[in-house]
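Below is one structure, written out as structure tokens, with a few remarks after it.
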Amino acid sequence: MIRIATFDPYEEKQLKRLCEILYTAFAVGTEHSSNVRLPEGFAEPYEAARLLEEAPRVHAYADDKVLFLTSKKLKDRALPSGSAPTNGLSKYAGEKAIITTSVVKDLEQGMKTVARHALHQLGHTWELHHCLDPRCAMYPTWTPSFPQGEPIFCPFCRDRSDQKIRLAKS
Ligand SMILES: [Zn+2]
Ligand SMILES: [Zn+2]
């Protein structure tokens, strides 16, 4: 099951919409589990890796995934050639992911983009790698076309995530 934990207030109807999209993409139950408190010592923009590390524990069972949502900005990643925006972060094969909804001005209109980021980060937690199909949510998030895409996987990634999820359940 996917449990959404929010650091900031969101409209219930938008969280419901996000749950529906995630359910459609992964075919696993998805719910907004809790509002969680920001750990001490964080100021916007948040350092995503540290926040993921220090995030409060969310009641979850083995094989559950927790998706943290914040409306605040995440700190740019330092690259050898400058810096790149951080829209979300997860650990490959981990249990937690975080995304920022600050990538869109209006969540109602930008829900597809936010959901596409959610699919991408949760995909990594189910051991999906980046994908070369530009329509797929596992396409690299830093590409200019990424935000315009649909919150869907290509057939290959969808099969792979289905397999991982089924394996985890049994
Ligand atoms: Zn990625
Ligand atoms: Zn793919």
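The values are calculated or read from the model by the stated rules, or taken from the named source; none is laboratory data. If you're wondering where the values come from, they're calculated on a predicted model, not measured in any experiment. Cβ coordinates were reconstructed from backbone atoms using ideal geometry, including for glycine residues, and neighbour counts include every protein chain displayed. These accessible areas exclude ligands, DNA and RNA; they are computed on the full protein's heavy atoms, side chains included. Shrake-Rupley method; radii C 1.70, N 1.55, O 1.52, S 1.80 Å.
Quickly run through region 51-75 and pick out the residues that are aromatic (Phe, Trp, Tyr) and open to solvent by 50 Å² or more (accessible area, probe 1.4 Å).
First, pick out the residues of region 51-75 that are aromatic (Phe, Trp, Tyr): 61, 68.
Hit for region 51-75 is 61, nothing else.
Go through region 140-160 residue by residue and tally those that are away from ligand 1 (no atom under 14 Å from the Cβ) and buried (at least 17 other Cβ atoms within 10 Å of the Cβ).
5
Report whether or not residue 65 is in contact with a helix residue (DSSP H, G or I) (Cβ under 6 Å, 6 or more places away or on another chain) and either among the basic types (Lys, Arg) or more than 23 Å from residue 128 (Cβ to Cβ) (or both). Let's see the steps before the verdict.
Details: in contact with a helix residue (DSSP H, G or I) (Cβ under 6 Å, 6 or more places away or on another chain): yes; either among the basic types (Lys, Arg) or more than 23 Å from residue 128 (Cβ to Cβ) (or both): yes.
Answer is yes for this residue.
I'd like the full set of residues that are open to solvent by 10 Å² or more (accessible area, probe 1.4 Å) and either within 11 Å of ligand 1 (Cβ to nearest atom) or free of Cβ contacts under 8 Å to residues at least 60 places away in the same chain (or both), limited to region 118-139.
121, 124, 127, 129, 130, 131, 132, 133, 134, 135, 139
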